[in-house]
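Working notes, structure below.
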Amino acid sequence: MAETSKTLRMIFKNQEGSNYTINLDAPRDNITGAEIEAVMDQVISANVIGTVGGVLVTKHDVKIIDRTVNDLYDPV
């Protein structure tokens, strides 16, 4: 049986230039890039996430990952 899932992956850069990723399961089907960017801007401006390399300073990338898993063998 196939199982499908979606993940929203937002990638930021911190002060040292390293990536920091936030993954959210099951994003809304009709979510837009503009909505995601607005949320990312809020995360950056709120300055609430600190990393080893400093606070988040820029947006780097956004992806919605669709994953399908097909179970080919089910032991009894």
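Quick note: the coordinates plus some simple rules give every number you see, no bench work behind them. Here the structure is a predicted model, which means the values were calculated and not measured. Cβ: placed from backbone, ideal geometry, glycine included. Neighbour counts: every protein chain shown.
If you scale each eigenvalue of the Cα gyration tensor by 5 and take the root, what three semi-axes come out for the chain, rounded to whole angstrom and sorted largest first?
Those come to 31, 16, 9 Å.
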With the contact rule set at Cα under 8 Å and sequence spacing of 6 or more, what percent relative contact order holds for the chain? 48 percent
Scoring only Lys, Arg, Asp and Glu (+1, +1, -1, -1) among other residues with Cβ under 12 Å from the Cβ of residue 1 yields -3
Find out how many positive minus negative residues lie around residue 63, taking Lys and Arg as positive, Asp and Glu as negative, among other residues whose Cβ is under 14 Å from that of residue 63. 0
Tilt relative to the chain, helix 33-46 - C-alpha long axis, 0 to 90 degrees, to 10: 50 degrees
Would you mind putting 39-48, 11-20 in packing order, based on average other-beta-carbon counts within 10 Å, highest first? 11-20, 39-48
Distance between Cα centroids, segment 1-40 to segment 55-71: provide it in whole Å. 5 Å
Can you tell me the dipole magnitude for segment 2-70 around its Cα centre, using point charges on the Cβ only (Lys, Arg +1; Asp, Glu -1), in Debye to the nearest 20? 100 debye
Give me, ordered by chain and number, the residues 5 or more places off residue 55 or on other chains with an amide H under 5 Å from its own placed amide H. 15
Residue by residue through segment 2-12, which ³J(HN,Hα) values in whole Hz follow from phi under the Karplus form 6.51 cos²θ - 1.76 cosθ + 1.60 (θ = phi - 60°), with glycine and proline marked x? 8, 10, 10, 8, 10, 9, 8, 10, 10, 10, 10
